[in-house]
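Everything below concerns the one structure shown next.
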Amino acid sequence: MTKPMVAESMPVPEEVVNFNREDFVSINKHQLRDMIDAVLKYLEPEIPYSAEARELLMMTAAIESNLGDYVRQHGGGPARGIFQVEKLTENDVHRWLGRPVNAKLKEKIHKLAGDPPPGIDPAQFDLDYQIALARCFYRMKPEALPTVKMVEDRPDYDSIVRMARYYKKWFNTYLGASTEKKAIDKYCKYAV
């Protein structure tokens with residue numbers, strides 16, 4: 001069997017050919033956390049910034065897409081982006097943004113989405129928009145975000161459990177395939 005070639009005379013290193021897909025992460029967790037921080041601060045004062053929101057979004061991206069490994073739902077489903085938001089959910093967020101009380105926030109979200117050309121879906125390809133969309137989705141919920149106690153720049157275990165419970169209740173819901181345990185495991189594997 002011939003090894004794949006990068007260039008005409010350069011074989012691909014064995015570790016590249018035989019990498020473990022489970023160890024692959026598309027977005028660096030530190031850079032994604034910085035992006036989430038920037039977008040959350042942009043959404044102020046309409047949605048106050050919080051470490052709770054940042055870490056809940058990190059957990060959501062970790063469980064939904066392995067922190068960015070997928071931008072389209074595996075198996076061809078309707079979910080898109082690192083948070084795997086379906087079009088119906090995006091429409092719900094935009095209806096919520098259409099309330100007069102959310103006028104300034106709606107303007108900020110539309111600036112993030114811009115005016116993409118046909119065939120370019122911001123909910124799939126634009127990280128700033130995806131982050132804002134997911135944060136607005138959580139903001140729509142009647143229950144406050146779970147409290148997060150940070151220890152050395154990471155949530156303590158009880159906080160992670162509270163985030164997983166909140167994620168399962170409001171984002172994945174009882175209809176979704178995920179579990180609180182999967183959320184905890186994926187967050188610890190990809191985001192901590």
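Here are a few things to note about the model shown:
- Of the criteria (1) more than 20 Å from ILE36 (Cα to Cα); (2) in contact with a helix residue (DSSP H, G or I) (Cβ under 7 Å, 6 or more places away or on another chain); (3) hydrophobic (A, V, I, L, M, F, W, C), which one LEU88 fails: (2)
- Only a single criterion out of (1) surrounded by fewer than 19 Cβ atoms within 10 Å (Cβ to Cβ); (2) at positive phi is not satisfied by GLN84, namely (1).
- Test: residue in segment 170-187 that is surrounded by fewer than 16 Cβ atoms within 10 Å (Cβ to Cβ) and either under 20 Å from LEU32 (Cβ atoms) or in contact (Cβ under 8 Å) with a residue 60 or more places away in the chain (or both): yes
- Verdict on ILE131 being aliphatic (A, V, I, L, M), in a helix (DSSP H, G or I), farther than 23 Å from VAL71 by Cβ and within 17 Å of the chain's Cα centre (by Cα): no
- Considering ALA134, ALA144, ALA164, the condition of being among the aliphatic types (A, V, I, L, M), at pLDDT 95 or above and surrounded by fewer than 18 Cβ atoms within 10 Å (Cβ to Cβ) is satisfied by ALA144 alone.
- Count - residues of segment 147-161 that are part of a strand (DSSP E or B) and surrounded by 17 or more Cβ atoms within 10 Å (Cβ to Cβ): 1
- Single residue of segment 65-107 satisfying the filter (hydroxyl-bearing (Ser, Thr, Tyr) and outside any loop (DSSP other than H, G, I, E, B)) that is nearest to ALA183 (Cα to Cα): SER65
The values are calculated or read from the model by the stated rules, or taken from the named source; none is laboratory data. These numbers were taken from a predicted model, which means no experiment stands behind them. Cβ coordinates were reconstructed from backbone atoms using ideal geometry, including for glycine residues, and neighbour counts include every protein chain displayed.
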